[in-house]
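Participant: Before I ask anything, let me first share the structure, which is written out below as C-alpha coordinates.
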Amino acid sequence: MNKNLKIFLGGSYLIILFSFLYFIFTAIDVTRLSDFTYYKEVQSNLSTFISTNILINLIYFFIFAVIWVALLGFGSPILLISGILFGQVLGTIISVISISIGALVLYSIGNFFFRDFVKSILEKKFQKYIQLFQKNEFFYFFIYRFIGGLGVPFGLQNLIPILFGMKKMNYFFSSFFGFIPGFFIINTIGSGLNSYVSQSDNFSIIELILTPEIYLPIIMFSILMILSLFIKKKFFENAN
(Lines give C-alpha, C1' and ligand atoms only; values in the text may rest on other atoms or scores of the structure.)
Protein backbone atom coordinates (compact mmCIF):
# COMPACT_ATOMS: atom_id res chain seq x y z
CA MET A 1 0.00 0.00 0.00
CA ASN A 2 2.78 2.40 0.95
CA LYS A 3 4.71 1.65 -2.23
CA ASN A 4 1.63 2.16 -4.40
CA LEU A 5 0.83 5.44 -2.68
CA LYS A 6 4.39 6.65 -3.12
CA ILE A 7 4.17 5.86 -6.82
CA PHE A 8 0.81 7.65 -7.01
CA LEU A 9 2.08 10.75 -5.20
CA GLY A 10 5.28 10.85 -7.24
CA GLY A 11 3.37 10.39 -10.48
CA SER A 12 0.81 13.02 -9.51
CA TYR A 13 3.56 15.48 -8.65
CA LEU A 14 5.26 14.94 -12.00
CA ILE A 15 1.96 15.27 -13.87
CA ILE A 16 1.16 18.55 -12.12
CA LEU A 17 4.70 19.84 -12.60
CA PHE A 18 4.86 19.02 -16.31
CA SER A 19 1.30 20.28 -16.86
CA PHE A 20 2.26 23.56 -15.24
CA LEU A 21 5.47 23.81 -17.27
CA TYR A 22 3.59 22.90 -20.45
CA PHE A 23 1.02 25.60 -19.77
CA ILE A 24 3.74 28.18 -19.10
CA PHE A 25 5.87 27.37 -22.13
CA THR A 26 2.93 27.09 -24.53
CA ALA A 27 1.60 30.42 -23.29
CA ILE A 28 4.99 32.14 -23.70
CA ASP A 29 6.30 33.42 -27.01
CA VAL A 30 9.94 32.41 -26.66
CA THR A 31 10.92 34.55 -29.66
CA ARG A 32 10.05 37.70 -27.67
CA LEU A 33 11.72 36.93 -24.36
CA SER A 34 14.28 39.71 -24.94
CA ASP A 35 11.55 42.24 -25.74
CA PHE A 36 10.44 44.18 -22.64
CA THR A 37 7.20 45.26 -24.31
CA TYR A 38 6.23 41.59 -24.40
CA TYR A 39 6.38 41.40 -20.60
CA LYS A 40 4.28 44.56 -20.41
CA GLU A 41 1.67 42.94 -22.63
CA VAL A 42 1.66 39.79 -20.51
CA GLN A 43 1.42 41.85 -17.31
CA SER A 44 -1.47 43.90 -18.69
CA ASN A 45 -3.35 40.81 -19.87
CA LEU A 46 -2.81 39.05 -16.54
CA SER A 47 -3.97 42.06 -14.53
CA THR A 48 -7.12 42.37 -16.63
CA PHE A 49 -7.86 38.66 -16.41
CA ILE A 50 -7.28 38.47 -12.64
CA SER A 51 -9.31 41.60 -11.85
CA THR A 52 -12.33 40.43 -13.86
CA ASN A 53 -12.29 36.92 -12.32
CA ILE A 54 -10.74 37.58 -8.91
CA LEU A 55 -12.74 35.09 -6.83
CA ILE A 56 -12.48 32.25 -9.33
CA ASN A 57 -8.75 32.84 -9.78
CA LEU A 58 -8.22 32.89 -6.03
CA ILE A 59 -9.95 29.51 -5.83
CA TYR A 60 -7.84 28.12 -8.69
CA PHE A 61 -4.67 29.42 -7.08
CA PHE A 62 -5.69 28.01 -3.70
CA ILE A 63 -6.33 24.53 -5.11
CA PHE A 64 -3.12 24.52 -7.13
CA ALA A 65 -1.00 25.75 -4.19
CA VAL A 66 -2.44 23.16 -1.79
CA ILE A 67 -1.77 20.32 -4.23
CA TRP A 68 1.67 21.69 -5.16
CA VAL A 69 2.84 21.87 -1.54
CA ALA A 70 1.23 18.52 -0.65
CA LEU A 71 3.31 16.95 -3.42
CA LEU A 72 6.60 18.40 -2.09
CA GLY A 73 6.61 21.46 -4.36
CA PHE A 74 8.83 24.47 -3.65
CA GLY A 75 7.32 27.38 -1.72
CA SER A 76 9.14 30.44 -3.08
CA PRO A 77 7.76 30.35 -6.67
CA ILE A 78 4.22 30.18 -5.31
CA LEU A 79 4.85 33.27 -3.17
CA LEU A 80 6.26 35.33 -6.04
CA ILE A 81 3.37 34.29 -8.29
CA SER A 82 0.77 35.17 -5.66
CA GLY A 83 2.37 38.59 -5.23
CA ILE A 84 2.42 39.19 -8.97
CA LEU A 85 -1.15 38.01 -9.50
CA PHE A 86 -2.93 39.29 -6.39
CA GLY A 87 -0.72 42.00 -4.92
CA GLN A 88 0.97 42.47 -1.59
CA VAL A 89 -1.89 41.95 0.89
CA LEU A 90 -4.25 39.59 -0.92
CA GLY A 91 -1.30 37.59 -2.24
CA THR A 92 0.04 37.16 1.29
CA ILE A 93 -3.35 36.08 2.64
CA ILE A 94 -4.06 33.49 -0.05
CA SER A 95 -0.51 32.09 -0.02
CA VAL A 96 -0.34 31.79 3.78
CA ILE A 97 -3.69 29.99 3.92
CA SER A 98 -3.12 27.68 0.95
CA ILE A 99 0.48 26.77 1.78
CA SER A 100 -0.38 26.16 5.44
CA ILE A 101 -3.15 23.79 4.39
CA GLY A 102 -0.96 22.12 1.76
CA ALA A 103 1.77 21.58 4.36
CA LEU A 104 -0.79 20.09 6.77
CA VAL A 105 -2.02 17.72 4.05
CA LEU A 106 1.56 16.62 3.35
CA TYR A 107 2.22 16.15 7.08
CA SER A 108 -0.97 14.11 7.50
CA ILE A 109 -0.14 11.87 4.54
CA GLY A 110 3.45 11.42 5.66
CA ASN A 111 2.49 10.74 9.28
CA PHE A 112 -0.12 8.16 8.30
CA PHE A 113 1.67 6.29 5.54
CA PHE A 114 5.40 7.00 5.82
CA ARG A 115 6.07 7.58 9.52
CA ASP A 116 8.67 4.83 9.85
CA PHE A 117 10.30 5.75 6.56
CA VAL A 118 10.57 9.44 7.51
CA LYS A 119 11.96 8.56 10.94
CA SER A 120 14.56 6.26 9.44
CA ILE A 121 15.82 9.10 7.22
CA LEU A 122 15.47 12.20 9.41
CA GLU A 123 15.47 11.11 13.05
CA LYS A 124 19.22 10.83 13.46
CA LYS A 125 19.88 14.17 11.76
CA PHE A 126 17.35 16.09 13.87
CA GLN A 127 17.64 14.11 17.09
CA LYS A 128 18.94 17.09 19.06
CA TYR A 129 15.82 19.10 18.23
CA ILE A 130 13.17 16.47 19.01
CA GLN A 131 13.21 16.95 22.78
CA LEU A 132 13.18 20.72 22.27
CA PHE A 133 10.04 20.55 20.13
CA GLN A 134 8.42 18.20 22.64
CA LYS A 135 8.78 20.81 25.40
CA ASN A 136 6.46 23.22 23.58
CA GLU A 137 5.68 22.06 20.07
CA PHE A 138 3.58 25.10 19.11
CA PHE A 139 6.13 27.70 20.21
CA TYR A 140 9.23 26.00 18.84
CA PHE A 141 7.61 25.04 15.55
CA PHE A 142 6.39 28.63 15.18
CA ILE A 143 9.99 29.81 15.69
CA TYR A 144 11.15 27.11 13.28
CA ARG A 145 8.79 28.40 10.58
CA PHE A 146 9.62 32.02 11.33
CA ILE A 147 13.36 31.52 10.74
CA GLY A 148 12.82 29.59 7.52
CA GLY A 149 13.16 26.02 8.75
CA LEU A 150 16.86 25.99 9.69
CA GLY A 151 17.83 25.89 6.02
CA VAL A 152 16.01 22.59 5.45
CA PRO A 153 14.29 22.25 2.02
CA PHE A 154 10.65 23.26 2.27
CA GLY A 155 9.22 19.82 1.52
CA LEU A 156 11.27 18.21 4.30
CA GLN A 157 10.40 21.04 6.71
CA ASN A 158 6.80 19.96 6.47
CA LEU A 159 7.65 16.38 7.42
CA ILE A 160 9.97 16.94 10.39
CA PRO A 161 7.09 17.14 12.97
CA ILE A 162 6.45 13.44 12.23
CA LEU A 163 9.53 12.81 14.39
CA PHE A 164 7.76 14.06 17.51
CA GLY A 165 4.12 13.39 16.65
CA MET A 166 2.93 16.99 16.54
CA LYS A 167 -0.79 17.70 16.92
CA LYS A 168 -2.38 18.79 13.66
CA MET A 169 -3.98 21.90 15.16
CA ASN A 170 -0.65 23.08 16.54
CA TYR A 171 1.03 22.23 13.25
CA PHE A 172 -1.39 24.32 11.22
CA PHE A 173 -1.51 27.44 13.39
CA SER A 174 2.21 27.54 14.22
CA SER A 175 2.89 27.25 10.47
CA PHE A 176 0.25 29.84 9.63
CA PHE A 177 1.59 32.52 11.98
CA GLY A 178 5.24 31.62 11.43
CA PHE A 179 4.86 31.97 7.67
CA ILE A 180 3.36 35.47 7.69
CA PRO A 181 6.51 37.67 7.93
CA GLY A 182 8.54 35.87 5.25
CA PHE A 183 5.55 35.33 2.98
CA PHE A 184 4.59 39.00 3.21
CA ILE A 185 8.09 40.07 2.15
CA ILE A 186 8.27 37.72 -0.85
CA ASN A 187 4.74 38.65 -1.94
CA THR A 188 5.77 42.29 -1.70
CA ILE A 189 8.69 41.60 -4.05
CA GLY A 190 6.33 39.86 -6.48
CA SER A 191 3.93 42.79 -6.32
CA GLY A 192 6.85 45.17 -6.85
CA LEU A 193 7.96 43.29 -9.95
CA ASN A 194 4.44 43.54 -11.31
CA SER A 195 4.34 47.30 -10.66
CA TYR A 196 7.77 47.85 -12.20
CA VAL A 197 6.80 46.08 -15.43
CA SER A 198 3.54 48.02 -15.71
CA GLN A 199 5.14 51.44 -15.06
CA SER A 200 8.45 51.16 -16.93
CA ASP A 201 9.08 51.61 -20.64
CA ASN A 202 12.44 49.85 -20.68
CA PHE A 203 14.10 47.29 -18.45
CA SER A 204 17.06 48.31 -16.32
CA ILE A 205 18.40 46.12 -13.55
CA ILE A 206 19.66 49.21 -11.71
CA GLU A 207 16.28 50.92 -11.89
CA LEU A 208 14.60 47.70 -10.80
CA ILE A 209 16.79 47.35 -7.72
CA LEU A 210 16.36 51.04 -6.85
CA THR A 211 12.58 50.81 -7.07
CA PRO A 212 11.13 51.24 -3.55
CA GLU A 213 8.74 48.31 -4.12
CA ILE A 214 11.82 46.13 -4.64
CA TYR A 215 14.60 47.44 -2.42
CA LEU A 216 12.42 47.99 0.66
CA PRO A 217 11.25 44.35 0.87
CA ILE A 218 14.83 43.23 0.14
CA ILE A 219 15.98 45.30 3.13
CA MET A 220 13.13 43.81 5.18
CA PHE A 221 14.19 40.34 4.08
CA SER A 222 17.80 41.03 5.08
CA ILE A 223 16.68 42.23 8.51
CA LEU A 224 14.54 39.11 8.88
CA MET A 225 17.51 36.91 7.98
CA ILE A 226 19.74 38.63 10.54
CA LEU A 227 17.03 38.32 13.18
CA SER A 228 16.59 34.67 12.23
CA LEU A 229 20.29 34.00 12.85
CA PHE A 230 20.01 35.35 16.40
CA ILE A 231 16.81 33.38 17.03
CA LYS A 232 18.37 30.22 15.62
CA LYS A 233 21.39 30.58 17.88
CA LYS A 234 19.27 31.32 20.95
CA PHE A 235 16.65 28.60 20.57
CA PHE A 236 18.24 25.86 18.46
CA GLU A 237 22.03 25.94 18.45
CA ASN A 238 22.05 26.20 22.23
CA ALA A 239 19.25 23.66 22.61
CA ASN A 240 21.46 21.18 24.34
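Participant: In segment 189-240, which residue that is of a type in the set (S, T, N, Q) and not in a helix (DSSP H, G or I) is nearest to V152 (Cα to Cα)?
Facilitator: Filtering first and then ranking leaves N238.
Participant: When the residues of segment 123-156 are filtered to those that are of a type in the set (F, W, Y) and more than 19 Å from the chain's Cα centre (by Cα), which remaining residue is farthest from M169 (Cα to Cα)?
Facilitator: F126
Participant: Among the candidates G91, G87, single out the residue that is within 19 Å of the chain's Cα centre (by Cα) and farther than 17 Å from F177 by Cα.
Facilitator: G87
Participant: Out of everything in segment 110-132 that is outside any helix (DSSP H, G or I) and without any contact (Cβ under 8 Å) to a residue 40 or more places away in the chain, what residue ends up being nearest to K167 (Cα to Cα)?
Facilitator: F126
Participant: Name, by its number, the condition in (1) surrounded by fewer than 16 Cβ atoms within 10 Å (Cβ to Cβ); (2) touching a residue at least 60 places away in the same chain (Cβ under 8 Å); (3) under 18 Å from I84 (Cβ atoms) that does not hold for L150.
Facilitator: Every listed condition holds for L150 apart from (3).
Participant: Take the conditions more than 20 Å from I180 (Cα to Cα), hydroxyl-bearing (S, T, Y) and either part of a helix (DSSP H, G or I) or in contact with a helix residue (DSSP H, G or I) (Cβ under 8 Å, 6 or more places away or on another chain) (or both) and apply them to S82. Does it pass?
Facilitator: It is false that S82 is more than 20 Å from I180 (Cα to Cα), hydroxyl-bearing (S, T, Y) and either part of a helix (DSSP H, G or I) or in contact with a helix residue (DSSP H, G or I) (Cβ under 8 Å, 6 or more places away or on another chain) (or both).
Here's the yes/no breakdown for (1) more than 19 Å from Y171 (Cα to Cα); (2) modelled with pLDDT of 85 or more:
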position	(1), (2)
Q88	yes, yes
I93	no, yes
S100	no, yes
S108	no, yes
F114	no, no
I121	yes, no
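Participant: Just for segment 141-165: of the residues that are assigned to a loop (DSSP other than H, G, I, E, B), more than 18 Å from F113 (Cβ to Cβ) and in contact with a helix residue (DSSP H, G or I) (Cβ under 8 Å, 6 or more places away or on another chain), which one is modelled with the lowest pLDDT?
Facilitator: Taking segment 141-165 first, the residues assigned to a loop (DSSP other than H, G, I, E, B) are 147-148, 152-153, 158-159, 165.
Applying the additional criterion that residues be more than 18 Å from F113 (Cβ to Cβ) yields 147-148, 152-153.
Still in the running and in contact with a helix residue (DSSP H, G or I) (Cβ under 8 Å, 6 or more places away or on another chain): 147-148, 152.
Numbers: I147: 86, G148: 83, V152: 80.
Per the stated criteria, the residue is V152.
Participant: Then there's this: Are any residues in segment 192-240 more than 30 Å from F133 (Cβ to Cβ), touching a residue at least 24 places away in the same chain (Cβ under 8 Å), among the small types (G, A, S) and buried (at least 16 other Cβ atoms within 10 Å of the Cβ), and if so, which ones?
Facilitator: Answer for segment 192-240, where residues must be more than 30 Å from F133 (Cβ to Cβ), touching a residue at least 24 places away in the same chain (Cβ under 8 Å), among the small types (G, A, S) and buried (at least 16 other Cβ atoms within 10 Å of the Cβ): just G192.
Participant: Would you mind finding the one in F133, F117, F141, F126 that is more than 17 Å from V69 (Cα to Cα), surrounded by fewer than 16 Cβ atoms within 10 Å (Cβ to Cβ) and among the hydrophobic types (A, V, I, L, M, F, W, C)?
Facilitator: Of the residues listed, the single one that is more than 17 Å from V69 (Cα to Cα), surrounded by fewer than 16 Cβ atoms within 10 Å (Cβ to Cβ) and among the hydrophobic types (A, V, I, L, M, F, W, C) is F117.
Participant: Take the residues in segment 166-181 that are touching a helix residue (DSSP H, G or I) at 6+ places or on another chain (Cβ under 8 Å) and free of Cβ contacts under 8 Å to residues at least 60 places away in the same chain; name whichever of them is surrounded by the most Cβ atoms within 10 Å (Cβ to Cβ).
Facilitator: Among them, the one singled out is S174.
Participant: Got a number for residues in segment 42-79 being assigned to a loop (DSSP other than H, G, I, E, B), surrounded by fewer than 17 Cβ atoms within 10 Å (Cβ to Cβ) and either in contact with a helix residue (DSSP H, G or I) (Cβ under 7 Å, 6 or more places away or on another chain) or among the basic types (K, R) (or both)?
Facilitator: Count: 1.
The values are calculated or read from the model by the stated rules, or taken from the named source; none is laboratory data. Predicted model only: the values in this text are computed from it and were never measured. Backbone-built Cβ (ideal geometry, glycine too); neighbour counts: all protein chains shown.
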